[in-house]
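Remarks on the structure that follows.
The values are calculated or read from the model by the stated rules, or taken from the named source; none is laboratory data. Please read all numbers here as calculations on a predicted model, not as lab measurements. As a convention, Cβ positions derive from the backbone with ideal geometry for all residues, glycine included, and neighbour counts pool all protein chains shown.
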């Protein structure tokens with residue numbers, strides 16, 4: 001358990017440095033491509049700026065959820081719901097949480113990392129991410145393009161696949 | 001007694017700061033990924049996607065899953081592109097695989113996922129999601145055929 005916590009702390013430090021390195025490389029890519037096609041790079045920058053603005057409310061929402069979880073949920077409780085001894089309830093909560101969560105997935109990574117550091121099992125993290133593919137607000141659009149039957153059948157198999165993935169990820 | 005009343009206030013502030021710091025630490029990666037999306041959307045047109053399907057259901061399912069893994073963004077875009085592909089004669093196997101991997105597999109966000117949730121977890125999760133997309137796509141289409 002101590003070793004696991006130490007690993008997560010080391011990983012957090014690494015991710016901090018790695019993040020800046022990654023951002024630096026992307027900025028370099030922009031600089032390089034602007035020499036080849038400046039108007040297109042400017043357009044890419046505008047697209048990105050819009051995406052960044054869109055994600056701000058989601059990030060604020062994530063901060064709020066993280067703070068609430070940190071304040072109300074004790075690590076022991078997180079371990080009980082999402083930990084090794086998590087029963088059917090834990091899996092169902094992870095599925096439901098994945099389906100109702102909104103915004104870009106990378107906005108949720110810090111929260112998932114935090115929950116894992118408190119004992120959430122990896123299988124349930126995988127289940128959460130997989131079920132984000134089912135988006136409640138976009139259900140009418142999916143039905144419009146592919147029909148109600150397609151939506152129901154696909155959703156059913158995706159939920160099953162998410163559980164299979166969650167179980168497999170802990171075995172391999 | 002006074003200490004007991006003050007304690008939760010301190011904890012709430014601490015929780016909020018801690019949450020802010022956690023998200024703040026992830027910001028360089030998040031911004032990097034979004035900048036990468038911008039480049040991708042601008043330099044790789046969606047018309048390119050339509051041209052790569054061959055007509056063979058198995059190959060197209062593989063291509064659909066691969067394209068969904070590379071392209072990313074809001075799930076709604078995958079429905080729109082998937083709907084267009086279907087109208088253009090691309091098989092439902094391929095379109096289903098494309099929609100599934102669009103959200104479950106993230107080639108572009110892999111560095112962010114690996115950095116924040118661990119390299120091993122990110123690689124295993126993405127690989128499993130890619131493989132499972134085949135089974136989900138096949139099961140979905142076969143079930144729909146059975147239902148008529």
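Numbers for the structure displayed
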read-out	value
Residue match in segment B:62-79 (condition: modelled with pLDDT under 90, facing chain A (nearest Cβ under 7 Å), farther than 20 Å from residue A:108 by Cα and part of a helix (DSSP H, G or I))	yes
Residue match in segment A:59-76 (condition: in a loop (DSSP other than H, G, I, E, B), buried (at least 19 other Cβ atoms within 10 Å of the Cβ) and more than 7 Å from every other protein chain (Cβ to nearest Cβ))	no
Of all residues making up segment B:102-121, the number that are more than 9 Å from chain A (Cβ to nearest Cβ) and under 15 Å from residue A:162 (Cβ atoms)	1
Candidate set from segment A:137-154 (those that are more than 7 Å from every other protein chain (Cβ to nearest Cβ) and within 23 Å of the chain's Cα centre (by Cα)); member that is surrounded by the most Cβ atoms within 10 Å (Cβ to Cβ)	A:151
Of all residues in segment B:45-61 being outside any loop (DSSP other than H, G, I, E, B) and crowded, with 18+ Cβ neighbours inside 10 Å, the one that is modelled with the lowest pLDDT	B:49
Some residue of segment A:127-134 being more than 9 Å from chain B (Cβ to nearest Cβ) and surrounded by fewer than 19 Cβ atoms within 10 Å (Cβ to Cβ)	no
Residue identified as surrounded by fewer than 24 Cβ atoms within 10 Å (Cβ to Cβ) and either under 22 Å from residue A:129 (Cβ atoms) or out of contact with any strand residue (DSSP E or B) (no Cβ under 7 Å at 6 or more places or on another chain) (or both) among B:112, B:65, B:96, B:122	B:122
Flag for residue A:109 being over 30 Å from residue B:145 (Cα atoms) and free of Cβ contacts under 8 Å to residues at least 24 places away in the same chain	yes
Members of segment A:117-126 found to be closer than 14 Å to residue B:114 by Cα and surrounded by fewer than 22 Cβ atoms within 10 Å (Cβ to Cβ), listed by number	A:122
Search result, residues across segment A:116-136 that are part of a helix (DSSP H, G or I) and over 18 Å from residue A:159 (Cβ atoms)	A:116, A:117, A:122
Hits in segment A:98-136 (condition: modelled with pLDDT of 90 or more, more than 30 Å from residue B:86 (Cβ to Cβ) and under 9 Å from the mean Cα position of the chain (by Cα))	A:125
Filter pass, residue A:166 being surrounded by 16 or more Cβ atoms within 10 Å (Cβ to Cβ), more than 10 Å from every other protein chain (Cβ to nearest Cβ) and in contact (Cβ under 8 Å) with a residue 24 or more places away in the chain	no
Test: residue A:157 is without any contact (Cβ under 8 Å) to a residue 40 or more places away in the chain, within 30 Å of residue A:19 (Cβ to Cβ), in a helix (DSSP H, G or I) and at the interface with another protein chain (Cβ under 9 Å from one of its Cβ atoms)	no
